[in-house]
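Engineer: Right, I'll just put the structure down here and ask away after.
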Number of protein chains: 2
Amino acid sequence: YSCKNTIHLQYVNGKKKKTIKNIHCLSVFIFLCLNSQGVRKSYREVIDVSWGDPHRAGVKPLSFVRQVLAACLYPQLMDGDKLMVDVKQRAQRLLETCAGGSVGSYSDTAGIPQIIQSVSEYILRRDGGVPCHPENIYITPGSQWALTVTNILKVLVNSEASPRTGVLIPVPCHSTTIVSLTALGAVAVPYYLSEERGWALEVEMLQQALDSAKGVCNPVALYIINPGNPAGNYVQSRKCIQEVIHFAAEKKLFLLADEVYQDCVYGKESEFVSYKRALAEIGAPLSDTVELASFHTASKGLMGECGLRAGYVELVNLDPAVMKYIDNLFSNSCPVLGQVALDVMVNPPQPGDPSYPLYLKHIRASLAENVRRVEEVINSFPSFSCQSLEGGAFAFPRVFLPPKAIEKAKAGLQPDTFYCMRLLEEAGLLFSPGTEYGQMEGTYHIRFCIMTPTDTMEEILKRLSTFHKQFMREFILFASATERETK
Amino acid sequence: YSCKNTIHLQYVNGKKKKTIKNIHCLSVFIFLCLNSQGVRKSYREVIDVSWGDPHRAGVKPLSFVRQVLAACLYPQLMDGDKLMVDVKQRAQRLLETCAGGSVGSYSDTAGIPQIIQSVSEYILRRDGGVPCHPENIYITPGSQWALTVTNILKVLVNSEASPRTGVLIPVPCHSTTIVSLTALGAVAVPYYLSEERGWALEVEMLQQALDSAKGVCNPVALYIINPGNPAGNYVQSRKCIQEVIHFAAEKKLFLLADEVYQDCVYGKESEFVSYKRALAEIGAPLSDTVELASFHTASKGLMGECGLRAGYVELVNLDPAVMKYIDNLFSNSCPVLGQVALDVMVNPPQPGDPSYPLYLKHIRASLAENVRRVEEVINSFPSFSCQSLEGGAFAFPRVFLPPKAIEKAKAGLQPDTFYCMRLLEEAGLLFSPGTEYGQMEGTYHIRFCIMTPTDTMEEILKRLSTFHKQFMREFILFASATERETK
């Protein structure tokens with residue numbers, strides 16, 4: 001993520017990475033708020049919604065999570081009456097799972113057994129009773145791709161194979177995905193999501209991708225992201241998932257299911273169905289044979305605790321011999337406080353618990369209003385097209401740029417990068433251009449996180465609207481002026 | 001570390017790793033406290049001092065650290081008057097360095113710039129003014145070997161080179177070191193530490209190691225651990241370090257200096273001198289050319305916050321082109337709370353600060369008494385020999401086992417593993433055998449962490465003494481009995 005951010009910065013002001021590295025994002029962007037003559041621009045500070053990092057964008061952490069964490073760190077806090085009884089009970093229970101009763105001791109590399117147990121019970125409830133075995137769950141530190149997915153891929157990818165190992169990945173996709181695959185000696189085989197159908201995954205596109213791989217590599221795995229990311233929006237239906245599973249079974253593909261936004265579904269018709277559940281519902285022989293890894297994290301969703309570096313992976317139908325090897329790969333234990341947060345994520349306060357009313361207030365102050373407003377405002381411009389936001393944390397609208405803007409941009413930049421640069425300079429909004437993630441030839445997109453406080457989102461939409469009108473006017477006027485000149 | 005622990009468990013009760021994985025160490029060892037008839041053994045619970053994990057062994061965390069962490073997590077704590085003003089100021093200052101003012105947001109992968117700055121100022125003070133450049137410091141997550149050292153080695157080791165790349169490592173050494181080197185395609189070239197001289201590093205042994213590598217591999221790096229570990233004990237003198245640096249310069253070896261126990265020096269004549277400082281004091285041209293990576297962490301020393309997964313590495317004299325590559329390797333950011341702990345580690349409370357008296361009390365209740373008692377009790381047995389404990393966190397005494405014990409052990413186990421198994425079963429003490437770390441042929445050792453509360457160490461020494469007397473008596477009697485029978 002930081003890498004991505006650095007890329008942003010690089011094209012923003014052309015400074016070298018090394019210089020940029022020590023500059024902190026939001027606060028130091030102030031220098032952008034002055035123009036080259038040192039005159040203040042129209043905005044007071046840059047709003048950075050290029051990351052999936054709700055706290056950075058001003059979302060408040062969930063009190064229950066933070067209270068439990070603070071009590072675990074400093075148990076003396078439990079002596080007074082400042083903390084609710086359910087906070088104290090939770091912290092007490094979690095401390096008892098730590099060696100020496102301290103979150104400062106090492107934990108097993110796979111995670112604290114009682115927390116793994118909590119996670120497995122959560123999965124069982126989520127999946128309507130489909131069995132979940134704690135020994136198939138690994139609690140993992142940090143970012144999905146940098147460690148967790150890579151660990152699984154290490155098992156799947158033979159870097160010396162000829163032809164090379166292929167992994168099907170969606171487009172749009174994070175560039176880190178492709179970098180990681182390449183570093184492992186694998187080939188990324190892109191399958192395009194269907195923007196017109198709200199960034200849907202269509203099995204025909206998977207087949208097209210497989211066809212494209214012929215003679216290039218040997219595809220062994222299929223990476224899917226549900227709810228969608230980086231394009232956001234789409235939540236796969238049970239029918240879609242079952243089709244994908246049948247496809248994977250037929251083609252003998254290992255399923256890598258990135259399900260980190262499973263708690264972020266807003267579409268009225270949408271429902272999160274896990275790949276694990278869909279697989280179980282298909283029944284034997286597929287339910288006993290299709291290999292699946294499902295990822296989740298405390299960094300995403302309602303908690304947004306990116307700084308704690310905690311997630312988990314559940315492995316389904318893996319050969320016991322492979323599991324033993326994977327056991328050795330997960331040699332970096334998750335920070336204990338991250339594990340504590342995972343426990344709260346899978347066991348939030350329930351109705352009747354003393355902390356429930358505040359928790360409910362927090363999660364209700366959530367995204368429904370942002371989703372509605374983003375769709376409304378963006379789609380009010382004919383030069384934008386935003387698919388319905390069913391889930392995930394991002395909007396990824398298409399922008400129809402005037403030909404003159406495209407022409408001007410292409411002197412040095414991709415057109416949507418040019419747009420995002422201008423958006424940053426003139427409106428103080430840090431978005432990502434679609435070109436960073438891959439998009440259909442000739443289409444341009446902008447991407448931004450919708451997990452912000454409501455008033456921040458209003459400010460974002462106001463700045464974006466003002467900027468966009470000016471930008472479009474400039475290049476249409478510029479076009480007219482040029483046309484006049486050439487006449 | 002967990003891996004090592006699992007190994008212990010494997011030989012303890014012969015159960016499979018998968019079963020063991022979900023059993024938590026100290027608390028569940030209770031089953032060992034019953035003999036095969038279910039009768040209680042002489043101890044109530046197992047004391048596990050096989051790890052360098054002070055909190056696990058009952059050492060209390062430093063209040064100042066925990067208060068700052070709790071305040072960062074739950075800033076409402078700063079509203080009342082429960083926390084000292086310096087705790088609040090520190091937490092406030094650290095929160096201002098976090099994006100969105102939350103420890104839940106992503107940080108730069110190299111670390112939060114202001115915390116890197118704190119670390120660099122600490123190093124500058126520690127080294128008597130030798131310059132330290134923040135851009136040479138990376139804040140890293142988790143265990144040294146699993147990530148940090150491996151990242152540096154990735155740059156040094158060419159897995160396809162012929163002959164292969166060699167790295168000089170001390171013996172005794174953690175087995176994970178050798179595993180990591182092998183996984184990278186490198187060859188571990190052991191140099192033996194001199195037990196008779198208190199586990200000293202002697203340059204002649206480095207030369208012997210280099211000689212042994214001829215025709216086998218091409219050594220490019222020298223890994224040193226100061227203060228010593230896993231053998232503990234030795235703190236290298238300035239003279240020793242300078243000799244090592246001259247040797248490294250002459251042989252063009254990259255120095256990997258594991259200095260994680262730099263705050264743990266107890267020998268009256270001992271002083272920690274960093275490799276960085278010694279290198280600077282040698283002066284040009286060596287001070288500008290010898291390449292060095294120095295490692296430190298919040299897991300060790302007085303803080304012992306293993307669960308937070310935080311450390312740093314400082315790189316000296318690396319080629320800028322290499323630095324750029326390393327920049328990309330450190331792609332896993334350290335948990336933000338771990339970074340907060342590092343800030344406190346390098347900036348503990350000072351005289352005059354409100355938190356100083358309690359802090360001083362904590363750190364005074366430290367290891368001097370344990371060190372004295374361990375040396376006294378262990379060396380009261382002629383069949384033990386414990387080198388003077390100058391620094392580090394471990395005692396690594398040699399044990400002179402009776403021939404009959406060696407003979408009995410060798411049916412299935414290394415003799416010191418056999419001793420440690422019996423020690424665990426009969427006295428409820430979890431130590432490590434020297435055989436896990438490598439030792440001179442025909443010598444046997446046991447290893448245990450000395451970072452425990454004073455009363456725990458008394459209990460450990462009491463159990464060890466009782467067990468050791470019985471064990472020695474058994475095998476000397478056994479010898480007599482066998483001799484009688486054979487007559």
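The values are calculated or read from the model by the stated rules, or taken from the named source; none is laboratory data. None of the values given here were measured: they were computed from a predicted structure. Reconstructed Cβ throughout: ideal geometry from the backbone, glycine too, with neighbour counts over all protein chains shown. Side chains included, ligands, DNA and RNA excluded: accessible areas come from the protein's heavy atoms. Shrake-Rupley method; radii C 1.70, N 1.55, O 1.52, S 1.80 Å.
Engineer: Modelled label-to-label distance, B:T443 and B:E160, 7 Å Cα→beta-carbon offset: nm?
Structural biologist: Simple spin-label model gives 4.2 nm for this pair.
Engineer: Follow-up question, since we're still on this one. Rounded to a whole number of µm²/s, how large is the Stokes-Einstein D of the stretch A:88-346 at 4 °C and 1.567 mPa s, given Rh as the Kirkwood radius over C-alpha pairs?
Structural biologist: 69 µm²/s
Engineer: Please report the carbon-and-sulfur percent of the accessible area for the protein assembly as shown; probe 1.4 Å, protein heavy atoms only, DNA, RNA and ligands left out.
Structural biologist: Ligands and nucleic acids excluded, carbon and sulfur reach 54 percent.
Engineer: Once A and B are treated as a pair rather than alone, how much accessible area drops out, both sides summed, in Å² to 100, probe 1.4 Å?
Structural biologist: Adding both sides of the contact gives about 5100 Å².
Engineer: Quote the charge dipole size of chain B about the Cα centre in Debye, to the nearest 20; the model charges only the Cβ of Lys and Arg (+1) and of Asp and Glu (-1).
Structural biologist: Roughly 1640 debye for chain B.
Engineer: Follow-up question, since we're still on this one. List the distances, in nm and shortest first, from the label point of A:R44 to the matching label points in every other copy, placing each point 7 Å from Cα along the Cα-to-Cβ direction.
Structural biologist: 6.0
Engineer: Keeping all protein chains in the complex and leaving out DNA, RNA and ligands, what accessible area do you get for B:D319 with a 1.4 Å probe, in Å² to the nearest 10?
Structural biologist: Answer for B:D319: close to 80 Å² accessible.
Engineer: Which of B:T165, B:G434, B:F254 sits farthest toward the positive end of the charge dipole of the protein assembly as shown, with +1 on the Cβ of Lys and Arg and -1 on the Cβ of Asp and Glu?
Structural biologist: Result: B:G434, furthest along the dipole toward the positive end.
Engineer: Also, quick follow-up: What ranking of A:V155, A:V374 comes out by heavy-atom accessible area, probe 1.4 Å, highest first?
Structural biologist: A:V155, A:V374
Engineer: In vacuo Debye scattering of the stretch A:358-471, one point per C-alpha: log10 I(q)/I(0) at q = 0.13, 0.23 Å⁻¹?
Structural biologist: -0.49, -1.41
Engineer: Taking only Cα atoms of the protein assembly as shown, what ratio of Rg to Rh do you get with Rh as the Kirkwood inverse-distance radius? Walk me through the intermediate numbers first.
Structural biologist: On the way: Rg = 29.6 Å, Rh = 30.1 Å.
With Rh from the inverse mean 1/r over Cα pairs, Rg/Rh is 0.98.
Engineer: In addition: Suppose you put the label 7 Å out from Cα in the Cβ direction; list, shortest first and in nm with one decimal, how far A:Q89 is from each other copy's label.
Structural biologist: 4.1
Engineer: Need the per-residue list for the stretch B:303-323: every residue with at least 40 Å² less accessible surface in the complex of protein chains than in the chain by itself, probe 1.4 Å, sorted by number.
Structural biologist: Going by heavy-atom accessible area, the residues of the stretch B:303-323 that drop by at least 40 Å² are B:G307, B:R309.
Engineer: Another one. What is the set of long-range amide H partners of A:W199 at a cut-off below 5 Å, with H atoms built 1.01 Å from backbone N?
Structural biologist: Under 5 Å from the amide H of A:W199 lie the amide H atoms of A:S194, each far enough along the sequence or on another chain.
Engineer: Turning to a different aspect of this structure: Accessible area, 1.4 Å probe, largest first: how do A:D108, B:D211 sort?
Structural biologist: Numbers: A:D108 30, B:D211 70 Å².
Greatest to least solvent exposure: B:D211, A:D108.
Engineer: To one decimal in nm, how far is A:K462 from the same spot in the other copies, if labels go 7 Å from Cα toward Cβ? Please give the shortest first.
Structural biologist: Reported distances to equivalent positions: 7.1 nm.
Engineer: Another question about this same structure. Report the convex hull volume per residue for chain A, counting only C-alpha atoms, in Å³.
Structural biologist: It comes to 171 Å³ per residue, whole-number rounded.
Engineer: Okay, moving on. Note down the accessible area of A:D288, probe 1.4 Å, to the nearest 10 Å².
Structural biologist: 100 Å²
Engineer: Taking only protein heavy atoms and a 1.4 Å probe, what accessible area per residue, in Å², does chain A have with all protein chains in place? Show your work: numbers first, answer last.
Structural biologist: Details: 19020 Å² over 487 residues.
For chain A, the per-residue accessible area is 39 Å².
Engineer: On to the next question. Could you state how much accessible area B:H296 has, in square angstrom rounded to the nearest 10, with a 1.4 Å probe and all protein chains kept in place?
Structural biologist: 0 Å²
Engineer: Of all DSSP beta bridges in chain B, what percent run antiparallel (nearest 5)?
Structural biologist: So the antiparallel bridges in chain B amount to around 50 percent.
Engineer: Taking the Cα centre of the stretch A:44-154 as the origin, how large is its charge dipole in debye, to the nearest 20, when only Lys and Arg (+1) and Asp and Glu (-1) carry charge on their Cβ atoms? Don't skip to the end; give the middle numbers.
Structural biologist: Numbers: 11 positive and 11 negative charges, 44 e Å.
Charge dipole of the stretch A:44-154: 220 debye, to the nearest 20.
Engineer: Taking a 1.4 Å probe, which of A:T466, B:T417 shows the most accessible area, and what order do the others take after it?
Structural biologist: A:T466, B:T417
Engineer: Just checking the output field for A:46-58: average partner chain Cβ neighbours within 10 Å of each residue's Cβ?
Structural biologist: What the average comes to for A:46-58 is 3.
Engineer: What share of the DSSP beta bridges in the stretch A:88-346 is antiparallel, in percent to the nearest 5?
Structural biologist: Among the beta bridges of the stretch A:88-346, antiparallel pairing accounts for roughly 35 percent.
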